[in-house]
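Here is the structure we will look at, set down as structure tokens.
What follows is calculated from the coordinates using simple rules that are stated; it is not laboratory data. Bear in mind the structure is a predicted one, so any value in this text is a computation, not a measurement. Glycine also receives a Cβ, built like all others from the backbone with ideal geometry; neighbour counts cover every protein chain displayed.
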Amino acid sequence: MNFFVFRRSWKSSRKGDQVNVLAVHPTEPWLISASRSITVWDIETQKALKSFLGHESPVRQLLFTPTGDHLASIATNDRNVNVW
């Protein structure tokens with residue numbers, strides 16, 4: 001298993017954002033954060049690349065396929081698994 005540590009921090013420019021879960025893309029330099037929406041961040045530029053909406057309650061888990069082609073998200077109360 002390969003582990004890595006990066007020491008970067010930044011604050012979202014979106015007022016009132018609360019991050020419930022984070023994931024790192026398996027092949028790209030992307031950090032994914034989730035609250036009710038899911039945001040893909042470029043780790044190097046610290047800019048949001050894309051956002052996804054689709055859950056009625058806060059996202060509690062994110063999981064990438066091994067190749068990173070798809071992202072699954074599970075929310076607290078909406079009983080859906082969304083695949084992006």
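Worth a mention:
- Applying 1/(1 + (r/R0)^6) with r as the Cβ-Cβ distance of Leu63 and Asp42 and R0 = 25 angstrom yields a FRET efficiency of 0.75.
- Formal net charge of residues neighbouring Gln61 (Cβ-Cβ distance under 15 Å; K, R +1; D, E -1): +2
- Amide N proximity, the stretch 33-62 versus Asn20 label position 7 Å along Cα-to-Cβ, cut-off under 15 Å: 33-39, 52-62
- Taking Lys and Arg as +1 and Asp and Glu as -1, the other residues whose beta-carbon sits under 13 Å from that of Thr76 total +1.
- Principal axis extents of the Cα atoms in the stretch 21-83, from largest to smallest and rounded to whole angstrom, are 33, 23, 15.
- The stretch 21-83 - charge dipole about Cα centre, Lys and Arg +1 at Cβ, Asp and Glu -1, debye rounded to 20: 200
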